[in-house]
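**Student:** Dropping a structure here in structure tokens format, bear with me for questions.
The values are calculated or read from the model by the stated rules, or taken from the named source; none is laboratory data. What you are looking at is a predicted structure, and each value in this text was computed from that prediction instead of being measured. Counting neighbours? That spans all protein chains shown, and the Cβs are built from the backbone with ideal geometry, glycine included. Keep in mind that these areas ignore ligands, DNA and RNA; they rest on the heavy atoms of the full protein, side chains included. Shrake-Rupley method; radii C 1.70, N 1.55, O 1.52, S 1.80 Å.
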Amino acid sequence: MFDLSGKRALVTGASGGIGREIAKSLAAAGATVALSGTRVGALEDTAREIGENSPILPCNLSKLDEVDKLVPSAEAALGGIDILVNNAGMTRDNIFMRMKDEEWDEVIAVNLTAAFHLNRAVLRPMMKQRFGRIIGISSVVGVMGNPGQGNYAASKAGLIGMNKALAHEVASRGITVNSIAPGFIASAMTDELNDKQREQILSTIPANRLGTAQEVAGCAVFLASDAAAYITGHTLNVNGGMAMI
Amino acid sequence: MSDVADRVRKIVVEHLNVDAEKVVEKASFIDDLGADSLDQVELVMAFEEEFSVEIPDDAAEQIQTFGDAVSFLTKAVG
Ligand SMILES: NC(=O)c1ccc[n+]([C@@H]2O[C@H](COP(=O)([O-])OP(=O)(O)OC[C@H]3O[C@@H](n4cnc5c(N)ncnc54)[C@H](OP(=O)(O)O)[C@@H]3O)[C@@H](O)[C@H]2O)c1
């Protein structure tokens, strides 16, 4: 049920903490995984950890001409595409009163517009083969909001809404479109929190710990698998109980 | 009946699961043959494949009936 043998996946942000685990987990379940990001060295590290042949497809998602080449390159490298994981994401935090247009635009471009373009590009091959799995990595911030992250929250809520609309459109063609909304996941960034900050965060999380990238990756494998064939337009909240919605 | 029309009709019949007799010149994919907007996109994809042509979005939007498809494709391949 969770076997992904023969499936071909494209993961964006596969150079980062969560994307690397998603790529590794999809590969461990049997999929061939194309890795995208901007830091080629880090993508190569991911490929090495996977061990098998994982095509590396560098792409800056803030440049639409590069974005529009990504799915065709993935199809060429993999011989088709069955699974798309829009995982790449960035923050440029600022309070509303100080937020610059560039800060808004860049976050929306990378987190939302690039995902729109990639989603649109995989539809044709997925509709033809009557099978597809599209997964967007959103955030608890998109669901709950967070001060200082108006741009990020908008992009992550936008991803959920976009995926629901698309889920409606293509459900009859065997394509599911879902989102995962992680809470606080341990990463290089959270490693730098001081004890007080950490305690403050943990006090809002019933599980009393941060999540791991593997715990997000497991959900992606589930949504990509046959076990989740009847789940579409859904958002999986992976947050240790921080927001029970 | 031209060869193009036969090939188009075959695609429409298979894709929309309708009787060949219903696929007449004036038959609208959506109003008469039960297609939804996604079916229409898929029909255009199937035409592109069958005739090895590219049908731009604005042209695709003009293809509403079987007759529209036949005349567009006759021009495109001719
Ligand atoms: N960590 C958390 O607590 C948490 C919580 C909720 C949601 N999320 C979401 O989970 C996803 C992964 O986050 P993470 O924690 O793994 O962060 P990360 O380690 O910073 O990874 C971010 C990834 O996004 C890619 N990326 C950023 N800007 C890009 C651009 N312009 N073009 C191409 N790729 C770009 C990066 O690739 P390069 O470095 O190669 O450019 C990197 O692989 C993000 O969407 C994030 O919003 C994370």
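**Student:** Among the listed residues A:I135, A:I175, which satisfies the condition of being of a type outside the set (G, A, S), within 12 Å of the ligand (Cβ to nearest atom) and within 25 Å of A:D226 (Cβ to Cβ)? Spell out how you get there, then give the answer.
**Tutor:** Details: A:I175 fails: within 12 Å of the ligand (Cβ to nearest atom).
Result: A:I135 is the single residue among A:I135, A:I175 that is of a type outside the set (G, A, S), within 12 Å of the ligand (Cβ to nearest atom) and within 25 Å of A:D226 (Cβ to Cβ).
**Student:** Please list, ordered by first then second residue, the pairs with beta carbon atoms under 6 Å, 6 or more apart or interchain, first in the stretch A:109-132 and touching a residue at least 60 places away in the same chain (Cβ under 8 Å) and open to solvent by less than 10 Å² (accessible area, probe 1.4 Å), second more than 14 Å from the ligand (Cβ to nearest atom) and not aliphatic (A, V, I, L, M).
**Tutor:** Correct list of pairs: empty, since none qualify.
**Student:** For the stretch A:129-245, please list each of the strands (runs of 3 or more DSSP E) lying entirely inside it that holds at least 2 residues being over 22 Å from A:L118 (Cα atoms). Break it down into steps so the answer makes sense when it comes.
**Tutor:** Details: elements: A:132-137, A:175-182, A:235-238.
Per the criteria, A:235-238.
**Student:** When you go through (1) open to solvent by 30 Å² or more (accessible area, probe 1.4 Å); (2) closer than 20 Å to A:K24 by Cβ one by one for A:E199, which number turns out not to apply?
**Tutor:** (2)
**Student:** Give A:N208, A:N239, A:N178 a once-over and let me know the one that is touching a Gly at 6+ places or on another chain (Cβ under 8 Å) and exposed (fewer than 15 other Cβ atoms within 10 Å of the Cβ).
**Tutor:** On the way: A:N239 fails: exposed (fewer than 15 other Cβ atoms within 10 Å of the Cβ); A:N178 fails: exposed (fewer than 15 other Cβ atoms within 10 Å of the Cβ).
The match here is A:N208.
**Student:** Can you tell which of A:E215, A:E192 is at pLDDT below 95, open to solvent by 40 Å² or more (accessible area, probe 1.4 Å) and over 30 Å from B:S37 (Cβ atoms)? Steps first, answer last, please.
**Tutor:** Working: A:E215 fails: at pLDDT below 95.
Among A:E215, A:E192, only A:E192 is at pLDDT below 95, open to solvent by 40 Å² or more (accessible area, probe 1.4 Å) and over 30 Å from B:S37 (Cβ atoms).
**Student:** Yes or no: A:I22 touching a residue at least 60 places away in the same chain (Cβ under 8 Å) and closer than 24 Å to A:F116 by Cβ? First the steps, then the outcome.
**Tutor:** Numbers: touching a residue at least 60 places away in the same chain (Cβ under 8 Å): yes; closer than 24 Å to A:F116 by Cβ: yes.
Against the criterion (touching a residue at least 60 places away in the same chain (Cβ under 8 Å) and closer than 24 Å to A:F116 by Cβ), A:I22 qualifies.
**Student:** Got at least one residue in the stretch A:142-163 being buried (at least 17 other Cβ atoms within 10 Å of the Cβ) and under 21 Å from A:S54 (Cβ atoms)?
**Tutor:** no
**Student:** Further, regarding this structure: Looking only at the stretch A:74-81, decide whether some residue is out of contact with any strand residue (DSSP E or B) (no Cβ under 6 Å at 6 or more places or on another chain), in contact (Cβ under 8 Å) with a residue 60 or more places away in the chain and small (G, A, S). Spell out the reasoning first.
**Tutor:** Here is the first cut: in the stretch A:74-81, the residues out of contact with any strand residue (DSSP E or B) (no Cβ under 6 Å at 6 or more places or on another chain) are A:75-76, A:79.
Next, only the ones that are in contact (Cβ under 8 Å) with a residue 60 or more places away in the chain stay: A:79.
Filter once more, keeping what is small (G, A, S): A:79.
Yes, the stretch A:74-81 contains a residue that is out of contact with any strand residue (DSSP E or B) (no Cβ under 6 Å at 6 or more places or on another chain), in contact (Cβ under 8 Å) with a residue 60 or more places away in the chain and small (G, A, S).
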